[in-house]
Amino acid sequence: MVEIKDLETLFNPLKNEVEGRIQEGQEEQDPTPFPKQDLIFASGEELPRCWIDPDYRTSNSAN
C-alpha cells in the first residue's frame with residue numbers, strides 16, 4: 001500500500017510520477033516517487049486513463 005498526499009499530481013495527466021509513502025510497519029517511511037502507470041487501487045482497479053494519458057479524450061457520440 002502506498003499513501004499519496006498530493007492528489008492534484010495524481011489527477012494531472014501531464015505528471016508521470018507521484019510522491020508517496022509505502023505503508024509498512026509502525027514508522028512512517030520517507031516519500032518516494034512512483035510511476036503512475038505502476039499504481040493500482042487497493043481494489044485491483046487501474047487508475048483512470050484520464051489521470052495518466054495527456055492525450056485522452058472522451059468519445060462524443062452526439063457528433
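The values are calculated or read from the model by the stated rules, or taken from the named source; none is laboratory data. Bear in mind the structure is a predicted one, so any value in this text is a computation, not a measurement. So basically every Cβ, Gly included, is an ideal-geometry build from the backbone, and we count neighbours across all protein chains shown. Ligands, DNA and RNA are stripped out before the accessible areas are found, and what is left, the full protein with its side chains, is counted by its heavy atoms. Shrake-Rupley method; radii C 1.70, N 1.55, O 1.52, S 1.80 Å.
How much length is gained if the chain between LYS5 and THR32 is pulled fully straight, taking 0.36 nm per residue apart and subtracting their Cα-Cα distance, in nm to one decimal?
Additional length available on full extension: 8.6 nm.
If I model a spin label as a point 7 Å beyond the Cα along the Cα-Cβ vector, how far apart are those points for SER43 and THR58 in nm?
For the pair SER43/THR58, the computed spacing is 1.8 nm.
Could you pull the Rg and Dmax for the chain, using just the Cα atoms, both in Å?
14.2, 54
What's the longest uninterrupted piece of the chain once you rule out the GluC sites (Glu not before Pro) that are loop residues per DSSP with at most 11 other Cβ within 10 Å?
Result for the longest clean stretch: 1-23.
Is there a quick way to get the dipole size of the chain? I mean about its Cα centre, with the Cβ of Lys and Arg at +1 and of Asp and Glu at -1; what is the value in debye to the nearest 20?
Dipole about the Cα centre, nearest 20: 400 debye.
Could you compute the longest span of the chain free of trypsin sites (Lys or Arg not before Pro) located in DSSP loops and having at most 13 other Cβ atoms within 10 Å, not counting the site residues?
The reported range is 6-56.
Below 8 Å between Cα atoms, with a sequence gap of 6+, how large is the relative contact order for the chain in percent?
30
Report in % the part of the accessible area of the chain that belongs to carbon and sulfur, leaving out ligands and nucleic acids; probe 1.4 Å.
Percent of accessible area from carbon and sulfur atoms in the chain: 45.
Could you tell me which residue out of TYR56, LEU39, GLY20 lies farthest along the dipole of the chain toward its positive end? Charges go on the beta carbon: Lys and Arg +1, Asp and Glu -1, centred on the Cα centre.
Positive-end residue among those listed: TYR56.
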